[in-house]
Amino acid sequence: MGIGFSCLLLVLGVLGAANLIIAKKPEAKEIIAKISPYQGWIGVVAAISGLVWLIHVILNIGGWLKTIPVLTILFLAGSVVCVCLGALFGVGIFNTFIKNDEAKAKLAEFVAKVAPYQGTLGIVAIGVAIGSLVMDIIS
């Protein structure tokens, strides 16, 4: 998956689970506040990267499952989480570029479905990021 994508997932996870993290560690509020102003652009980059990775994983899933099953599952989970949280955080910026009202409506519908799971997706993103970083280090 690469260290860059893992770090992107880690940042997304922290933003996604910010309320949960701050509830456990109040001192983390300052750090999260420093990256929060950029969450829209982080979301755009994450959604596009996640979509590219998702397509890549789907096209190669047969061979990868036979040779690297754990990484394949991490790649798939990371891609899906990246698309979901990326769309959630980047919806405002996406709406400035999208001119088609039907596409805006579909994006808003998708975001409305994903929004209740933001904290859970954030925790999953952190877990996948840590897992993929560990796999990158040991392989």
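The values are calculated or read from the model by the stated rules, or taken from the named source; none is laboratory data. What you are looking at is a predicted structure, and each value in this text was computed from that prediction instead of being measured. Note: ideal-geometry Cβ built from the backbone for every residue, glycine included; neighbour counts use all protein chains shown. Note: accessible area is taken over every heavy atom of the protein model, side chains too, but ligands, DNA and RNA are not part of it. Shrake-Rupley method; radii C 1.70, N 1.55, O 1.52, S 1.80 Å.
Annotation: for a label point projected 7 angstrom from Cα along Cα→Cβ of V114, residues of the stretch 41-71 with backbone N closer than 11 Å are 43-51.
Ignoring any ligand, DNA or RNA, what whole percent of the accessible area of the stretch 6-139 comes from carbon and sulfur when the probe is 1.4 angstrom? Could the numbers behind the result be given before it?
On the way: 5540 of 7730 Å².
Roughly 72 percent, rounded to a whole number.
Non-local lysine pairs in the stretch 1-125, meaning eight or more places apart or on different chains, with alpha-carbon distances under 27 Å, amount to 6.
Assign unit charges at the C-beta atoms only (+1 for Lys and Arg, -1 for Asp and Glu), then state the dipole size of the chain relative to its Cα centre in Debye, rounded to the nearest 20. Kindly include the intermediate steps, with their values, before the conclusion.
Numbers: 9 positive and 6 negative charges, 20 e Å.
Magnitude of the dipole: close to 100 debye.
Set the Förster distance to 41 Å, then compute FRET efficiency between L20 and K99 from the Cβ-Cβ distance, nearest 0.05.
On the way: r = 36 Å, r/R0 = 0.89.
Step by step, r from the Cβ atoms, then E = 0.65.
Report summary: the helix-based calculation at 222 nm, which adds -39500 (n - 2.57) for every DSSP H run with n ≥ 4 and divides by the residues of the chain, gives -29500 deg cm²/dmol.
State the label only: which of (i) 14.6, 46; (ii) 15.8, 52; (iii) 15.4, 47 corresponds to Rg and Dmax of the Cα atoms in Å computed from the shown model? Looking at Rg and Dmax of the Cα atoms in Å for this model, the match is (iii).
Mean sequence separation of contacting Cα pairs (under 8 Å, at least six apart), scaled by the length of the chain, corresponds to a relative contact order of 43 percent. Selection among I123, V81, L107 by position relative to the dipole of the stretch 8-126 gives I123 as farthest towards the positive end (Cβ unit charges, Cα centre).
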